[in-house]
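The structure under discussion appears below in the form of structure tokens.
None of the figures in this text is laboratory data; all of them are computed from the coordinates on show. Everything quoted here is computed from the prediction, not taken from an experiment. Cβ atoms come from the backbone with ideal geometry, glycine included; neighbour counts cover every protein chain shown.
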Amino acid sequence: MPAETVPAEPAGPAEPGGTAGRAVLVTGGSRGIGRAIVRRFAAAGDRVAVHHRASADLAARLVADLPGAGHTVVQADLADAEAARAMVDQAASLLGGIDVLVNNAGVFTAHPITEVSYERWQEQWRDTIGLNLIGAANVTWCAVRHMLGRGGRIVNVSSRGAFRGEPDSPAYGASKAGLNAFGQSLAIDLAPHGIAVSTVAPGFVATDMTNDHLKPPRGDAIRSQSPFGRVAEPDEIAAAVYYLASAEAQWASGAILDLNGASYLRS
């Protein structure tokens, strides 16, 4: 497994979200929203493990460009439970523990029910739920083992689609709705251990993965969904994740923060 930096010196338990110098694991951290989240924590002086599945070059370049020291790259297919466990343990070893986990990794693929074969339908549900929900659950189980006795923060990256629906990718919408419920369940269970769990639910975000969707004319229609007439920037999502991982945000445990520019309002 790649590790492009010298392992950080193990640190004692830190106040989660308090002073700089926390150990942070970001899944799917090599690009898009994850990349912005990694940069935000590193800029604050935290040590970050950048997880990727198959983007070793992107992850290595990102780590090389980060301010501060002690950052590293870890790799795993999160659909593989044992690979996920090994990755989390490696991140904890290299960082000297885990104070913050950001479950950002996810996949979105189209599979409208009227347009795909039964075999394709099953495949998409298995793969999407396996990564977006079960993968996140497994990573969390492993990370919590490194937080017990020291406290921590877990921030899940969900989606507006969990509430409004995703007709072209129903497995994605269902996986994110499940992630919301998962986070709220853990918020109750882990509070006595000093671990706060919260969730952000972005709408469309301008990343390399959404570039094609945001080209005219479709992109114009997407931007018009928000009264601001635009979509989010990755840094806006990263700022919210950083806040929810802070000491000041403990009382937001269990919350799901909508980040969609009023493009979808739920009661």
message: What number do you get for the chain when its Cα radius of gyration is normalised by 2.2 N^0.38 Å, N = residues?
response: 0.96
message: Normalised by the empirical 2.2 N^0.38 Å for globular proteins, what value does the Cα Rg of the stretch 51-193 take?
response: 1.14
Estimated dipole of the chain in Debye, rounded to 20 [Cβ of Lys and Arg +1, of Asp and Glu -1, Cα centre]: 380 debye
message: Exposed loop sites here are trypsin sites (Lys or Arg not before Pro) in DSSP loop states with at most 16 other C-beta atoms within 10 Å. What is the longest stretch of the chain lacking them?
response: 1-229
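State the Kirkwood hydrodynamic radius of the stretch 138-267 in Å, one decimal place, computed from all pairs of distinct Cα atoms.
Mean inverse Cα-Cα distance, inverted, gives 15.7 Å.
Would you please name the GluC sites (Glu not before Pro) within the stretch 72-137 that are DSSP coil residues with at most 10 other C-beta atoms within 10 Å of their C-beta? If you can, show how the numbers build up before the last one.
Working: sites: 82, 115, 119, 123; in loops: 115.
Within the stretch 72-137, the qualifying GluC sites (Glu not before Pro) (loop, at most 10 other Cβ atoms within 10 Å) are 115.
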message: Suppose R0 equals 35 Å. What FRET efficiency, 1/(1 + (r/R0)^6) with r the Cβ-Cβ distance, do residue 43 and residue 145 give to the nearest 0.05?
response: 0.80
Of 182, 106, 249, farthest towards positive along the dipole that unit charges on Lys, Arg, Asp, Glu beta carbons give the stretch 23-259: 249
query: Residues with beta-carbon under 12 Å from that of residue 113, excluding residue 113: net charge, scoring Lys, Arg +1 and Asp, Glu -1?
result: -2
message: Can you find, among 52, 90, 237, the residue sitting farthest towards the positive end of the charge dipole of the stretch 23-259, where Lys and Arg contribute +1 and Asp and Glu -1 at Cβ?
response: 237
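What's the longest uninterrupted piece of the chain once you rule out the chymotrypsin sites (Phe, Trp or Tyr not before Pro) that are loop residues per DSSP with at most 16 other Cβ within 10 Å?
Here the longest segment lacking exposed loop sites spans 1-227.
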- request: Taking the Cβ of each residue in 63, 107 as the centre, tally the other Cβ atoms inside 10 Å and list the residues starting with the fewest.
  value: 107, 63
query: Amide H to amide H under 5 Å from residue 107: which residues, 5+ apart in sequence or cross-chain, H placed 1.01 Å off N in plane?
result: 132
- request: Place a +1 charge on the Cβ of each Lys and Arg in the stretch 169-265 and a -1 charge on the Cβ of each Asp and Glu, then give the dipole magnitude about the Cα centre in debye, rounded to the nearest 20.
  value: 280 debye
task: With springs only between Cα atoms under 10 Å apart, run a GNM on the chain and tell me which of 234, 217, 202 wobbles the most.
output: 217
